[in-house]
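> Take a look at this one; I'll ask things after.
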Amino acid sequence: MSDAIENAKRLAAARAADLVRPGMRLGLGTGSTARHFVDFVGAKVRAGMDLLCVPTSEATRAQAQSLGIPLTTLDDTPELDLTVDGADEFDPALNLVKGGGGALLREKIVAAASGRMIVITDRSKQVDRLGRFPLPVEVVPFGLEATRRLVAKVAGQVGCTGAIRLRHDSAGHVFVTDGGHYILDCAFGAIPDVAGLAAGLVSVPGVVEHGLFIGLAKAVIVADAAGVEVLGDLS
């Protein structure tokens, strides 16, 4: 990853950290950009800010614990003030593709429990139409091939075709999510009907969740070499 992209991610994360206020119940996202935000939150906690946070993955939990960030769960704290997370793509309507890091289920649960979801990205994640990044679909292991075929069928009904591949980790093993599920990465290309695809995917019994985040992000903070831009409403 280039230094310019990494710096852009830090800039976006720093702008989002400005939104954090004492006493907040905060959702902590997962991924390379969110890691910067968690670092900023850790600095605020070390400086004495009182926060209570819910991580969206075991990786984020470990990072937050290492920084001394006080953690809770959605069982104990079912309503959050703010969640800050990254995205693999976002479109002009602030719809997202998420799940490249494999945490999409927990990310969506935490986002839905939050009064606001703010997304932080570098400019490379901005697209005119979702689908350049393969869409992650989290599925149960049982009946995997039957589920994959049904995913292809419902996708085809809304004009989406392309390779659907089971995700593997860097060691060549099947990738397993924090929830014990698998992920199908769907290389559909540009998605002509985001809402229709989302509805079709949730109708498949073996699908746990999909990586289309529709209407959840209130704003996107996007950074590049020129600086930081806010799309949407941060308030």
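> Identify the single condition in (1) within 22 Å of Arg21 (Cα to Cα); (2) touching an Asp or Glu at 6+ places or on another chain (Cβ under 6 Å) that Lys125 does not satisfy, given that it satisfies every other one.
In the conditions (1) within 22 Å of Arg21 (Cα to Cα); (2) touching an Asp or Glu at 6+ places or on another chain (Cβ under 6 Å), Lys125 misses (1) alone.
> Can you report the number of residues in segment 114-168 which are in contact with a Gly (Cβ under 6 Å, 6 or more places away or on another chain), assigned to a helix (DSSP H, G or I) and of a type in the set (Ser, Thr, Tyr)?
Selection size over segment 114-168: 1.
> Being surrounded by fewer than 16 Cβ atoms within 10 Å (Cβ to Cβ), modelled with pLDDT of 95 or more and outside the structural domain of Thr56 (by TED's automatic domain parsing) narrows it down to one of Ala152, Ala190, Ala198, so name that one.
One residue alone meets the criteria, Ala190.
> Name, by its number, the condition in (1) surrounded by fewer than 23 Cβ atoms within 10 Å (Cβ to Cβ); (2) outside the structural domain of Ala14 (by TED's automatic domain parsing); (3) not polar (S, T, N, Q) that does not hold for Pro92.
Here Pro92 meets the rest and fails (2).
> Moving to a separate point now. Could we say that Thr72 is at pLDDT 95 or above and under 23 Å from Asp122 (Cα atoms) here?
Considered against the rule, which asks whether it is at pLDDT 95 or above and under 23 Å from Asp122 (Cα atoms), Thr72 comes out as no.
> Which condition does Ala93 not pass, out of (1) outside any helix (DSSP H, G or I); (2) closer than 22 Å to Ala199 by Cβ; (3) among the hydrophobic types (A, V, I, L, M, F, W, C); (4) in contact with a strand residue (DSSP E or B) (Cβ under 9 Å, 6 or more places away or on another chain), if it passes all the others?
In the conditions (1) outside any helix (DSSP H, G or I); (2) closer than 22 Å to Ala199 by Cβ; (3) among the hydrophobic types (A, V, I, L, M, F, W, C); (4) in contact with a strand residue (DSSP E or B) (Cβ under 9 Å, 6 or more places away or on another chain), Ala93 misses (4) alone.
> Same structure, new question: Does Ala226 count as without any contact (Cβ under 8 Å) to a residue 40 or more places away in the chain, in the same structural domain as Ala103 (by TED's automatic domain parsing), exposed (fewer than 13 other Cβ atoms within 10 Å of the Cβ) and not acidic (Asp, Glu)?
yes
The values are calculated or read from the model by the stated rules, or taken from the named source; none is laboratory data. Note that the coordinates shown come from a computational prediction; the quantities given were computed from them, not determined experimentally. Positions of Cβ are generated from backbone atoms using ideal geometry, with glycine treated the same way; all protein chains shown enter the neighbour counts.
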